[in-house]
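The values are calculated or read from the model by the stated rules, or taken from the named source; none is laboratory data. None of these values were measured; they are calculated from a predicted model. Glycine also receives a Cβ, built like all others from the backbone with ideal geometry; neighbour counts cover every protein chain displayed. Surface accessibility is based on the protein's heavy atoms, side chains included, excluding ligands, DNA and RNA. Shrake-Rupley method; radii C 1.70, N 1.55, O 1.52, S 1.80 Å.
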Amino acid sequence: MASPTGRAGGKGGGRRSPSLAQLRAFTAVAEHLHFRDAAAAIGMSQPALSGAVSALEEILGVTLLERTTRKVLLSPAGERLAVRARAVLAEVGALMEEAEAVRAPFTGALRLGVIPTVAPYLLPTVLRLVHDRYPDLDLQVHEEQTASLLEGLTAGRLDLLLLAVPLGVPGVLELPLFDEDFVLVTPLGHGLGGREGIPREALRELRLLLLDEGHCLRDQALDICREAGRADAPVTTTAAGLSTLVQLVAGGLGVTLLPRTAVKVETTRSDQLLTGYFADPAPTRRIALAMRSGAARSTEYQELAEALRGALRPLPVRVLDAKA
């Protein structure tokens, strides 16, 4: 038990307790393995950061880092204690979030991560909802791929995610919003262009254009192809975003799959495109909010999810209830 002077009691009670600044400095170095980059990441000068880490080593009585002229490495003790330090900082962050949530719900910052194949098509609805219903909420949007978003959520860098599910990640709770169909986008003159009732098996023979690796939409398209009985990976040309992908289709390089929410934005930019619709059941994807299990603001996030379901009904999607 800590003494009134702030020194740890019991065995070794003469030692000081580490400060949060020292723990932040150490975890930053543990992440970046570079003093200059770590200092920049947490907004601290390099000498101050180095001094904080050295002070922490003195307080703990162990060597946390192995320093050479060219690089920084974690010592075996540093590897173990970095995990503990991150956990301490995460708990302190949760404490601050809890206090903020108690003071006033839907106020302060909310760091929302969004995948690129959702952001351009849903953010107008999200931003309008937040502006109208939660004017005191400081919404901060970060567009990243799924793996980066999940890392940010579990590390506490992000509060809430808007992305395709299922994720299957322990400690992450999904709040389903809607299902949406995929459609087939083709160039003018293509045999399937503008058709309805297209069988999935048609994907076996098509020259399908996909997004680059790392996009969950690419993985979903490949899964759809496998379900249609296509064994090979139909990848000859890829793109970093849906806008480029659709323009490649307009140029006659192949066809692609688009989620329904993206069709209006992406296909109206060219008169060289046609949209085809699959027979029921069409290939689909599910979009949800995702949060840390036990998040301090979980009640707010669930309320936000319900409000979003209502706001999204005008879109070409099938809105889900909270139990989906």
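Right, L81: under 27 Å from T27 (Cβ atoms), touching a strand residue (DSSP E or B) at 6+ places or on another chain (Cβ under 8 Å) and not β-branched (V, I, T) or not? Steps first, please.
Details: under 27 Å from T27 (Cβ atoms): yes; touching a strand residue (DSSP E or B) at 6+ places or on another chain (Cβ under 8 Å): no; not β-branched (V, I, T): yes.
Criteria not met by L81.
Pairs are defined by a Cβ separation below 8 Å, a sequence spacing of at least 6 or placement on different chains, a first member in the stretch 103-118 that is more than 17 Å from L161 (Cα to Cα), and a second member that is assigned to a loop (DSSP other than H, G, I, E, B) and of a type in the set (K, R); the pairs so defined are P105/R297.
Does the stretch 297-310 hold any residues that are farther than 19 Å from R285 by Cβ and of a type in the set (A, V, I, L, M), and which are they? Before you say what the answer is, go through the steps one by one.
Step one: list which residues in the stretch 297-310 are farther than 19 Å from R285 by Cβ, which gives 297-304, 306-307, 310.
Hits for the stretch 297-310 are L304, A307.
Tally the residues that are assigned to a helix (DSSP H, G or I) and either surrounded by 15 or more Cβ atoms within 10 Å (Cβ to Cβ) or within 32 Å of the chain's Cα centre (by Cα) (or both), restricting the search to the stretch 35-47.
Qualifying residue count, the stretch 35-47: 9.
For the stretch 302-322, which residues satisfy the criterion of being assigned to a helix (DSSP H, G or I) and not hydrophobic (A, V, I, L, M, F, W, C)?
Here is the first cut: in the stretch 302-322, the residues assigned to a helix (DSSP H, G or I) are 302-311.
If the condition is that a residue be assigned to a helix (DSSP H, G or I) and not hydrophobic (A, V, I, L, M, F, W, C), then Q302, E303, E306, R309, G310 are the ones that fit.
Candidates in the stretch 206-264 are the residues that are at positive phi and at pLDDT 85 or above; of these, the one that is surrounded by the fewest Cβ atoms within 10 Å (Cβ to Cβ) is G252. The test for being out of contact with any Gly (no Cβ under 7 Å at 6 or more places or on another chain) and open to solvent by less than 60 Å² (accessible area, probe 1.4 Å) holds for V172. Apart from one condition, E97 fits all of (1) open to solvent by less than 60 Å² (accessible area, probe 1.4 Å); (2) at pLDDT 95 or above; the exception is (2).
Quick grid of which residues meet (1) open to solvent by less than 10 Å² (accessible area, probe 1.4 Å); (2) under 12 Å from the mean Cα position of the chain (by Cα); (3) among the basic types (K, R):
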residue	(1), (2), (3)
L139	no, no, no
T146	no, yes, no
T186	yes, no, no
L192	no, no, no
